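K.L.:
Let me begin by handing over the structure; questions about it come next.
The values are calculated or read from the model by the stated rules, or taken from the named source; none is laboratory data. This structure is a prediction, so every number in the text was calculated from the model and none was measured. All Cβ positions, glycine included, derive from the backbone under ideal geometry; neighbour counts span all protein chains shown. To get the accessible areas, we keep the full protein, side chains included, count just its heavy atoms, and leave off ligands, DNA and RNA. Shrake-Rupley method; radii C 1.70, N 1.55, O 1.52, S 1.80 Å.
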Amino acid sequence: PVKTEIKKPAQTKPEIKVNVKVPDQLSAKSEKSPHRREIRKELEELARRNLPVNETIARERVAARVAEERLKTRDEMTGLLNRKGAVQEIRRRIKERRKFIVVGIDLNDFKQINDKYGHAFGDEVIRQVGDIYGKLIKYGDEAAHVSGDEYLLILETADIGVPTKVQKRFTDAF
């Protein structure tokens, strides 16, 4: 017996070329965005990949990436910077040669709160303290929850007397 093989011609996907042009100007909404460069890059990437250039989609993709990046540098319990975010902020300020002071804060006897009232209550204390620190800092300053009962304040100043003033302001808040 003779075997016959029928070979099907290889199927190739038709290549569709779309002539896509990135607009010279972004919409007013995108122009006001602090991420306008990223939106422009996203539009160029869509065009490069022969996808429809849609500014709304580009804005949404950039917003999703910004939100994802924010989650990596923010403490989920307090919303303040986490350790990684604080280190990035300090490095950025050093690179930009900005004058700043870092103040470390440790909640005294916090373990006793957890032991006596439980971890759920302790977590609420951490959230409340973070909320207070977040509200007391000024524009240009950052607060960070770096671990259990430890916080950092990154204060934009060259005045070495500021930590004492900040300590009084924060102590008065409690």
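K.L.:
If you roll a 1.4 Å probe over the range 76-153 with all protein chains in place, what percent of the accessible area is carbon or sulfur?
P.N.:
C and S fraction of accessible area: 51 percent.
K.L.:
Rolling a 1.4 angstrom probe over the protein heavy atoms, how many square angstrom per residue are accessible across the range 83-174?
P.N.:
66
K.L.:
Let me ask something additional. Local charge sum around Ile113 (other residues, Cβ-Cβ under 15 Å, Lys/Arg +1, Asp/Glu -1)?
P.N.:
Around Ile113, the charge tally is -4.
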